Amino acid sequence: MVEDGREVPIGVDARIPSIARMYDYYLGGKDNFAADRAAADTLLAAAPEIATIARENRAFLGRAVRYLAGEAGIRQFLDIGTGLPTRNNVHHVAQEQAPDSRVVYVDNDAVVLAHARALLAKDPRTVVVHADLLGAQPVTDLPEVRAHLDFDRPIALLLVAILHFVSDDDRPFEVVARLRDALPPGSHIAVSHVVYEHNPAAIEQAEEVYRGFLHRSGHARRTREDVLGFFDGCELVDPGLTYVTQWRPDRPTRPGPERVWIVGGVARTP
């Protein structure tokens, strides 16, 4: 099948929007289809700041990985809901700090998997796994993950801009707790999550758009205090759970919460 003049990977219905491809569109990428752009444009019409949120969230991911591979000394990364490859991927940032860093990317989008596997074909330290955060088997138990990461050494679990797509009906706090409890001592967890306080109308509209193709009931309208629950039992590193623009910023001026209503944090596990 051909869409937008490009071959569509087997198993992909280009008529159905994808979270990963919509995110790619927000970031100015080209790996998206008409249905993705239409859904994304609906959200951008309601909240133009979504594009800024996507960029600032990506920048937070880079800074978090730089901290984890540098100051925290982590050499293994499990990135769930990785999205489409773009600049400054987790393995790029981690391996700049420590060339021996190993990365497992996890996603359930066939387009993501095809692109990631092509990009990483010659990197034995990095693998891509097809799985869903909400799958019957926890991601940390998957044989492909266990084969690549050493669960006797610390691991950084990355859940960046994915949990706000998981409704309360799917028990996201229990899902994260199971993943966290499977990590070795000395591990870390990084989370970013859109919060409800600053633009509830836009978040409600976003839920309607995403619900149309995610086929999940319930809502994920969480406040900063709610998001803190994903770090239960962990010790947040400085500066704690903040708006992503305020988490160890690498430049003095970044947009405020009124334009970037997504929080992020990194914590040490028990």
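If you wrap the Cα atoms of the chain in a convex hull and average its projected area over all directions, you get 13.4 nm². When a 1.4 Å probe is rolled over the protein heavy atoms, the share of accessible surface on the chain that falls to carbon and sulfur comes to 51 percent. In the stretch 164-205, taking the dipole from charged Cβ atoms about the Cα centre, the farthest positive-side position among L183, Q205, H193 is held by L183.
For the chain, give the magnitude of the charge dipole about the Cα centre (Cβ charges: +1 Lys/Arg, -1 Asp/Glu; no others), in debye to the nearest 20.
Numbers: 30 positive and 38 negative charges, 143 e Å.
Approximately 680 debye in magnitude.
When you restrict to C-alpha pairs under 8 Å that are six or more residues apart and normalise by the size of the chain, the relative contact order lands at 18 percent.
Annotation: amide H of W247 has no partner in the under-5 Å range at sequence separation 5 or more or interchain, hydrogens built in the peptide plane.
When the square roots of the Cα gyration tensor eigenvalues are ordered a ≥ b ≥ c, the ratio a/c for the stretch 124-247 is 1.5 or more and a/b does not exceed b/c, which makes its shape oblate. Near the amide H of R153, within less than 5 Å, lie no amide hydrogens of residues on another chain or at least 5 residues away, with H placed in the peptide plane.
Per residue, the solvent-accessible area of the stretch 73-231 (1.4 Å probe, heavy atoms of protein chains only, all protein chains present) comes to 43 Å².
Determine the dipole magnitude for the stretch 175-237: charges of +1 sit on the beta-carbon of Lys and Arg, -1 on that of Asp and Glu, nothing else is charged, the reference point is the Cα centre, and the result goes in debye to the nearest 20.
Here the stretch 175-237 has a charge dipole of around 200 debye.
For the stretch 18-61, the solvent-accessible area works out to 35 Å² per residue, with a probe of 1.4 Å and every protein chain left in place.
The values are calculated or read from the model by the stated rules, or taken from the named source; none is laboratory data. Bear in mind the structure is a predicted one, so any value in this text is a computation, not a measurement. Methodologically, a virtual Cβ is constructed for each residue, glycine included, from the backbone with ideal geometry; neighbour enumeration extends over all protein chains shown. For accessibility, only protein heavy atoms count, side chains too; no ligands or nucleic acids. Shrake-Rupley method; radii C 1.70, N 1.55, O 1.52, S 1.80 Å.
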